[in-house]
Every structure is written in C-alpha cells, then in structure tokens.
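Chemist: Got a structure for you, questions after.
The values are calculated or read from the model by the stated rules, or taken from the named source; none is laboratory data. Quick caveat: nothing in here was measured; it's all calculated off a predicted structure. FYI the Cβ positions are ideal-geometry reconstructions off the backbone, even for glycines, and counts take in every protein chain you see. These accessible areas exclude ligands, DNA and RNA; they are computed on the full protein's heavy atoms, side chains included. Shrake-Rupley method; radii C 1.70, N 1.55, O 1.52, S 1.80 Å.
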Amino acid sequence: MAGSLVTEALEQAWRPVLLFVLGSCIGSFLNVCITRLPRGESILFPASRCRACKTQLPGWANVPLLSYILLRARCVLCGVRISPRYFLVELCTAAMAPACYYRFGPGGLFLARLSFACALLTAAVIDFETGIIPDVISVPGTGAGLALSCIAPALAIPDMPSPPSAVLGACLGGGVLLATARGYRAITGRDGLGRGDVKLLAMIGAFAGWDGVPGILFWSALTGTCWGLGLMLLRKDVSLTTPLPFAPFLCLGALLRMS
Ligand SMILES: [Zn+2]
C-alpha cells in the first residue's frame, strides 16, 4: 500500500517534467518547420545544420533548450550567433505541453489542443519573421479541424464543434477576413490583409466552431491594434500604412478563446 503510494507520488512529480521535456522536443521540430517551410525545403531531410556554415550539427549540440544555453547562443562549429527564436519556441512548447495536459486532461482533447497550438505557434512565428503564412499549415489544418469534428464523438473527445459548426466556422472565419481585405483594398487602394490570414482564420474557425470566431476576432483585433499603436509610439519608421503581421494576433486570440 505504502509502496504504491510512493510510486504514485513519484509519477505525479515526474509527469510535468516529462511533459516539459517532450514539449521542448516538439519545439525543436517546430523550429525546423519555421526555418524551412517558407523556403520550400523538406522538414525531414537533411538533418539539422547550421544555416551559416552549412555543417551538420552533432547530436549534443541539438539538445532542446540546453544546447542554446550551454553554447551561449552560438554555433558550436563556426561561432555564428543563433537567433533567440530557437530558444523561445522550445520554451513555449515546453510550457504548453504540461499546460494543455493539466487543463484538458489526458486523452484526445489534450492531443487535439496541443497539435492545434503547435500549428498556431508555427504559423505565427513564420508570419512574424517572413510576412507569409505557408498554405501547407493552414490548408491541411482546416481539413484536420473538419475531420476532427466528424470523428470526435466516436473517439469520445469532448468540447469539439459539431461538423456543421466547424464548416460554418471555417467559412465565417475565412469569409469575414476576405470581405475585410477586399473592403480595405477598395477604400485605400492598398492590401491590408494577406490571403494567408484568410486561410489561417478558416483553419482556426474549423477548430473553434462558428460561435468561437467572433471572440477570436475581437481578441486578435484588440491585441493587434495595441501592438501597432505601441510600435507607432516607440518607432518613427512605423505608421498607419506600415504592413504588420496579423497571424501572431489571430493565433493569440485563438489561444485566449480556446484555453
Ligand atoms: Zn555554423
């Protein structure tokens, strides 16, 4: 009896640590996706290499979080500085894995929400760095959201939208942004929102359902506007006409609404 209690206590103590380590490994893979997808490169081959010296990194220089700290943010081979993005993405997913587990419990909803959050993080960082959102995330992501709404009852995954709600969510999300983008262009003669944003909100709508879309739009517009106004106050080269990435705020809105 006492033995089983000790085993259970140890398991309880180690579970968040294991989830943190698993999350950091997922983050390491997302970093590969963030670096390679906008360049149209394979995310599987070749193995991780330094972008500066093009040399394959030894395994010990690829340990999530630790290698970045121990190597002081530099390539072990050529000494070039490595972007803090690598560390921040790994830290973010390392925190998200236990957070999703304890919020949604073990099972299908945990896997669904964590996968969704990873797709959002990848899209947000790529848009922030390059100004594009690869279709390879949003288009299959929309399909995954719709498929999940169909199979969720059979897999006993709670809190997923019904198939009609997921379809309506995708149409509403994509439709609202498409109408906004066309309206903005008609009035100002400039492009304000990209097609990538439209497809990303369609994907988010497929996961959130139609009734989740208004709240997500509210939070993303609010946080995006605050960010834009803050940049205008702090930087002279930013004005009302400066294009700013919107995907990070769509993703933040989705995470706030669905957490
Ligand atoms: Zn190097």
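Chemist: Please determine whether any residue of the range 31-41 is open to solvent by 50 Å² or more (accessible area, probe 1.4 Å) and in a loop (DSSP other than H, G, I, E, B).
Modeler: Yes, that holds for at least one residue.
Chemist: For PRO245, all conditions in the list (1) open to solvent by less than 80 Å² (accessible area, probe 1.4 Å); (2) out of contact with any Leu (no Cβ under 9 Å at 6 or more places or on another chain); (3) part of a helix (DSSP H, G or I) hold save one; what is the number of the exception?
Modeler: (3)
Chemist: Condition test on GLY212, is it within 15 Å of the chain's Cα centre (by Cα), in contact (Cβ under 8 Å) with a residue 24 or more places away in the chain and open to solvent by less than 20 Å² (accessible area, probe 1.4 Å)?
Modeler: When the stated conditions are applied, GLY212 does not pass them.
Chemist: Oh, and also: In the range 44-63, what residues are at pLDDT below 90 and more than 16 Å from the ligand (Cβ to nearest atom)?
Modeler: Once the filter is applied, which keeps residues that are at pLDDT below 90 and more than 16 Å from the ligand (Cβ to nearest atom), the range 44-63 yields LEU44, PHE45.
Chemist: What's the number of the only condition in (1) touching a helix residue (DSSP H, G or I) at 6+ places or on another chain (Cβ under 7 Å); (2) of a type outside the set (Gly, Ala, Ser); (3) surrounded by fewer than 14 Cβ atoms within 10 Å (Cβ to Cβ) that PHE207 fails to meet?
Modeler: Failed condition: (3).
Chemist: Same structure again: Please give the number of the condition PRO161 fails out of (1) outside any helix (DSSP H, G or I); (2) open to solvent by 20 Å² or more (accessible area, probe 1.4 Å); (3) in contact (Cβ under 8 Å) with a residue 40 or more places away in the chain; (4) not acidic (Asp, Glu).
Modeler: Result: PRO161 passes all but (2).
Chemist: Could you check, for the range 150-157, whether at least one of its residues is closer than 24 Å to PHE218 by Cα and open to solvent by 50 Å² or more (accessible area, probe 1.4 Å)? Working first, answer last.
Modeler: The first filter runs over the range 150-157 and keeps only residues closer than 24 Å to PHE218 by Cα, leaving none.
The answer is no; no qualifying residue exists.
Chemist: Continuing with the same structure: Output the residues belonging to the range 64-103 that are surrounded by 17 or more Cβ atoms within 10 Å (Cβ to Cβ), assigned to a loop (DSSP other than H, G, I, E, B) and away from the ligand (no atom under 13 Å from the Cβ).
Modeler: Result: PRO64, LEU65.
Chemist: Here's a follow-up. From the list GLY143, GLY192, exactly one residue is open to solvent by less than 50 Å² (accessible area, probe 1.4 Å), outside any helix (DSSP H, G or I) and more than 17 Å from ALA254 (Cα to Cα). Which is it?
Modeler: GLY192
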